[in-house]
Ligand code: RBF
């Protein structure tokens, strides 16, 4: 899925062209390498930031010249192939098109995670953004660090959990819930007599990398859901090591199929294409988190959850314009609040999943939505 960036600006690559970047980059490096002199540099930087005519608000006004509100959408990775990023960019650009006086700039920071903090620091230093919007569980710490240098910069980060910092608000999707119902469906399919289901009682989870939201909520939720169908089901969990290597994902998937896995899920960004290729090639099933993936392999992608990240992004921007963001707080939103759901209404589910599985899954989801399925979300 591509994204439409016609409304406002979009950028890729290193944000180093400006004078302010040239000044800040050495300082960031020094902060990392020399702890003793770091406070002195922070003090210099704050002085610089507060000098008349150099203040970030003034810089923003000069750049825009129209008093518009300016928002940076900072993408920690690449947009294409990463559903949560695609939905955030779509929502922000759509909202900007509908809203007078709002300027949205999208920046893709790429896959080198070691560069994210320096990139965000440089963007904030040069941009004078009223708000930085991002989506990633690892972003709050990075934002807090950048925020110490720019104390008036505000951040809203979705898909993350962090409270107590007056510059940051976070929204976390209750991914344990989504994992639980996708796991239940995976269990129903794996124990069925569908053509590619085997008798091994083994389902698979391919992850790009390990992080707390994944290892403490998504993986345990997935296997717990499957074991509500059959307690003997085992999980084969494997890690690619990056978010882009589709070849490696395909190899992992082939090995897992050899080991008896017949239903997969994954959190792997662009590398997910390798899993799709493997299930098409070998004959196996998959259920996916966050976005509608049925079209990727009709008949083999048997389930898609959805997170309402596009809608959430628009709500956040509307709230920000109204001054209604509670910075310092962390909200968790899930099925009960309407931000997580399952996509039933698609031929990929309706036309390909056997009627008895549809019925059992629908009954489970009915109870789940009504709050009749009991579970405990593990601590993060
Ligand atoms: N998800 C993606 O779809 N693409 C990515 O490139 C990506 N990079 C991530 C990097 C880090 C360090 C972390 C912690 C998560 C990343 N995620 C990525 C996961 C994403 O933010 C989200 O948590 C999951 O997709 C579950 O909704």
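Derivation of every value follows stated rules applied to the coordinates shown; laboratory data play no part. These numbers come from a predicted model, not from an experiment. Positions of Cβ are backbone-derived with ideal geometry, glycine not excepted, and every protein chain shown enters the neighbour counts.
Determine the gain in length on full extension of the stretch residue 100-residue 311; use 0.36 nm per residue of separation and subtract their C-alpha separation, reporting nm with one decimal. List each step's numbers first, then the result.
Values: separation 211, 0.36 × 211 = 75.96 nm, distance 1.86 nm.
Extra length from residue 100 to residue 311 when fully extended: 74.1 nm.
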Which of 202, 216 has the fewest other C-beta atoms within 10 Å, and how do the rest follow up to the most? 216, 202
I need the P(r) histogram for segment 181-279: all alpha carbon pairs, bin width 10 Å from 0 out to the longest distance, whole percents. 18, 49, 30, 2
Shape category assigned to segment 65-133 from the gyration tensor of Cα positions, a/c cut at 1.5: oblate
Defining a contact as two alpha carbons under 8 Å apart and six or more residues distant in sequence, what relative contact order in percent does segment 240-380 show? 17
Using 1/(1 + (r/R0)^6) with R0 = 41 angstrom and r between the beta carbons of residue 322 and residue 359, what's the FRET efficiency to the nearest 0.05? 0.40
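How do 229, 377, 302 rank when sorted from fewest to most other Cβ atoms within 10 Å of their own Cβ?
Working: 229 22, 377 16, 302 27.
In increasing order of surrounding Cβ atoms, one gets 377, 229, 302.
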Classify segment 250-377: rounded, prolate or oblate, from the alpha-carbon gyration tensor (a ≥ b ≥ c, eigenvalue square roots; a/c under 1.5 rounded; otherwise prolate if a/b is larger than b/c)? prolate
What FRET efficiency comes out for residue 215 versus residue 112 if R0 is 35 angstrom and r is the Cβ-Cβ distance? Round to the nearest 0.05. 0.95
Everything considered on the Cα gyration tensor (a ≥ b ≥ c; rounded for a/c under 1.5, else prolate if a/b is larger than b/c, else oblate), segment 132-207 must be described as prolate
Can you sort 184, 294 so the residue with the fewest Cβ neighbours within 10 Å comes first? 294, 184
Over what distance in Å are the Cα centres of segment 315-380 and segment 234-277 separated? 25
